[in-house]
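Here the structure comes first, spelled out in structure tokens, and everything after it is commentary.
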Amino acid sequence: MINRAWRWRARIAAAGFLGLVLAIFAVPLALRADTGNPASPRILTVSGEGEVRAAPNAAQLSAGVVTIARSAAAALAANSKAMNDVFGALRQAGVPERSIQTSGFNVTPQYATDKNGASTQRISGYEVSNTVNVTVDDLAKTGPTLDALVASGANSIGEISFTIKDPKSLIVQARAAAVADAIARAQTLAKAAGVTLGPITSISESGGYQPPRPMYRMAAMAADAALPPIAGGEESVTASVSITWEIR
């Protein structure tokens, strides 16, 4: 009887222990089932490009005067006189004061060379350079303005670039073209992949109107030198967008 009772108590204890183990492992399983993360939505992200080209309606010029003299004072005096003539010529050419801006002014010592052509530490003179940026609001006046600059004493003509004064309407067209390009690409990709485009989840934009490009650069010119012909060509206004769709 004693052995039989002991065996029953052992069986009951083993069953209780097994139930406790099952309960311990069942709790995390239940928690994982209740708090599982939903599946991430399937998406398609496509970039689109848009470009609109138009003739520029303004030009930007860089011009100035370089003078050299034995003393800094003499070089400065000569440069100031020549630059006053340059400013006067620009005013006579119809360029307003707001379209003229000094972009560089330098005083540089010049060193003598020895009989072998090597530079020495002895200062032989000074070079003064004064440069202005000029905006011409009418391309037809670009050539005459350059002519007036050279005739007035400007002996350094720098970069010439072309620009569009108010590109806002062109930017709107470029944005619309970029969105249409992205939609067309997305439709092609979705069809090839056998999926359907859902709602748009995000749109972002980058890019825009490009700054004026320097077209060419002219070195110092003599007052009677013939100016080359100038062609404005076309400027490009671009837009870039990225659009994300849900796909089904």
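FYI, it's all coordinate maths here, none of it is from the lab. Since the structure is predicted, the reported quantities are computational estimates derived from the model, not experimental observations. Backbone-built Cβ (ideal geometry, glycine too); neighbour counts: all protein chains shown.
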Residue 187 to residue 202: extension gain in nm, 0.36 nm per residue of separation minus the Cα-Cα distance? 3.8 nm
Report the local net charge at residue 48: Lys and Arg +1, Asp and Glu -1, summed over other residues whose C-beta lies under 12 Å from its C-beta. -2
Scoring only Lys, Arg, Asp and Glu (+1, +1, -1, -1) among other residues with Cβ under 14 Å from the Cβ of residue 92 yields -1
For residue 156, residues with placed amide H under 5 Å, excluding near neighbours: 64, 66, 221
If 137, 114, 181, 85 are placed from fewest to most neighbouring beta carbons inside 10 Å, the sequence is 114, 137, 85, 181
